[in-house]
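Data block below; observations after.
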Amino acid sequence: MEQKAPRSEREKGTLYVCSTPIGNLEDVTLRALRVLREVALIAAEDTRRTRNLLRHYGIATPITSFHAHNEAEKARYILSRLLAGDDVALVSDAGTPLLSDPGLTLVQAAIDAGVHVAPVPGPSALLAAAVASGFRLHPLYFGGFLPRQRSARLKALQSVAQLDATLAFYEAPHRLVEMLEEVAAVFPQRRVAVARELTKLHESVLWGTAGELAVHYTKKPPKGECVVLIEGPAAAEVQPGEPSDDVVRSELEKALDSGLSKKDAVKEVAQKLGVDKKRVYRIAIAHPPQRA
């Protein structure tokens with residue numbers, strides 16, 4: 001239970017950044033429900049969806065709209081309420097606010113004004129999709145929504161192609177096939193997972209190459225927001241029977257300790273282990289061997 005001084009004794013309120021369900025209304029924390037009941041105002045990206053949640057749990061807190069088209073204006077209003085001592089909860093239409101949703105302007109203004117910002121963690125489409133993908137998640141790169149223009153999307157994908165990480169993006173259903181076609185152009189061999197309608201009745205996660213999934217969704221157009229995950233290069237590049245990254249890294253350490261330059265060490269290890277030199281070089285850059 002959070003202990004707070006009575007509102008009359010506090011100079012400023014608290015801004016709660018509050019996670020709400022991404023589908024199933026049961027996916028909400030007890031703390032989130034309490035906060036939504038106790039605050040003076042809820043700033044909601046989609047007031048209709050938020051009212052459904054509040055109605056379901058019998059919460060009557062006043063709501064004001066807060067979305068991409070009125071963010072600057074509403075941020076000033078909400079900040080005035082916070083400075084007057086009111087507590088406010090910020091919610092997106094679903095999931096955790098600020099992850100490709102409005103709210104950053106308000107949070108930054110609150111911090112600058114000395115208002116306490118309290119996260120209320122909970123549902124996130126990104127994390128739900130990531131843990132259901134079966135892909136390595138350390139590290140995990142989140143790119144939000146890719147640009148809508150094809151050339152800009154390709155450029156964005158190419159800019160992260162060398163990252164030693166699983167890549168995650170949000171995508172709207174009507175742009176999914178186009179996005180997958182561009183992923184196929186940049187990452188033709190990597191496994192991809194598309195998570196759709198998470199925690200809802202028709203929840204699904206499909207795996208394949210981006211090209212395969214593009215064909216599938218051309219035949220069966222998707223519904224609902226999607227999370228697209230692209231498996232990291234370590235798993236994608238290792239062929240059956242090839243040594244693990246740990247083995248490659250160990251051999252690199254031995255080669256470097258013998259006095260070889262990084263370039264020569266990479267070449268020697270690739271030849272010795274019979275693996276692609278690009279893979280060895282990537283490991284040398286992403287995970288340098290530990291040397292005394």
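The values are calculated or read from the model by the stated rules, or taken from the named source; none is laboratory data. What you see is a predicted model; the values in this text were computed from it and never measured. Here the Cβ positions follow ideal geometry from the backbone for every residue, glycine too, while neighbour counts run over all protein chains shown. Remember, those area values only see protein heavy atoms, side chains included, never the ligands or the DNA or RNA. Shrake-Rupley method; radii C 1.70, N 1.55, O 1.52, S 1.80 Å.
Structural remarks
- Three-way shape label, the range 1-109, alpha-carbon gyration tensor, a/c 1.5: oblate
- Backbone phi angles across the range 30-44, fed through the Karplus curve with coefficients 6.51, -1.76 and 1.60 (θ = phi - 60°), yield HN-Hα couplings of 4, 5, 4, 4, 5, 4, 5, 6, 8, 5, 7, 8, 10, 9, 10 Hz in residue order; Gly and Pro are listed as x.
- Test item: Cα-centred dipole of the chain, Lys/Arg +1 and Asp/Glu -1 on Cβ, debye: 320 debye
- A dipole drawn for the range 110-212 from +1 and -1 charges on Cβ atoms has a positive end, and of A129, L176, F142 the residue lying farthest that way is L176.
- Residues D264, D86, sorted by accessible area with the largest first, give D264, D86 [1.4 Å probe; ligands and nucleic acids excluded].
- Label sites at K223 and R148, each approximated as a point 7 angstrom past Cα along Cα to Cβ, lie 2.4 nm apart.
- The mean of 1/r over all pairs of different alpha-carbon atoms in the chain, once inverted, gives a Kirkwood hydrodynamic radius of 21.8 Å.
- Gyration tensor verdict on the range 66-208 (Cα atoms; rounded if a/c is under 1.5, prolate if a/b is larger than b/c, oblate otherwise): prolate
- Value of [θ]222 nm, deg cm²/dmol, for the chain, DSSP H segments ≥ 4, -39500 (n - 2.57) each, nearest 500: -12000 deg cm²/dmol
- Eligible lysines near K272 by straight Cα distance, threshold 20 Å, same-chain separation 8 or greater: K254, K262, K263
- Accessible area expressed per residue, the chain, with surrounding protein chains retained (probe 1.4 Å, Å²): 53 Å²
- Relative contact order of the chain, taken over Cα pairs closer than 8 Å and 6 or more residues apart, is 16 percent.
- Per atom type, the chain shows carbon and sulfur on 54% of its accessible surface, probed at 1.4 Å.
- In order along the range 65-71, the Karplus-derived 3J(HN,Hα) couplings, from 6.51 cos²θ - 1.76 cosθ + 1.60 at θ = phi - 60°, round to 6, 8, 9, 4, 8, 10, 4 Hz, and Gly and Pro are given as x.
- Pairs of Cα atoms nearer than 8 Å and 6+ residues apart set the relative contact order; for the range 31-116 it is 34 percent.
- Greater than 29 Å apart at Cα, pairs in K219/K277; K12/K200; K155/K223; K200/K220: K219/K277; K12/K200
- Helix 150-159 and the long axis of the chain differ in direction by around 60°, with both axes built from C-alpha atoms.
- Cα-based helix-to-principal-axis angle, 176-186 vs the chain, degrees rounded to 10: 30 degrees
- FRET efficiency estimate (nearest 0.05) - Cβ-Cβ, L260 to I111, R0 41 angstrom: 0.25
- Amide H partners (placed H, <5 Å) of T166, local residues excluded: Y141, G232
- Were the residues from R48 through H69 laid out at 0.36 nm apart, the gain over their Cα-Cα distance would be 5.9 nm.
- ³J(HN,Hα) computed for each position of the range 252-266 - Karplus, 6.51 cos²θ - 1.76 cosθ + 1.60, integer Hz, glycine/proline x: 4, 4, 5, 5, 5, 5, 7, x, 6, 6, 4, 4, 6, 5, 4
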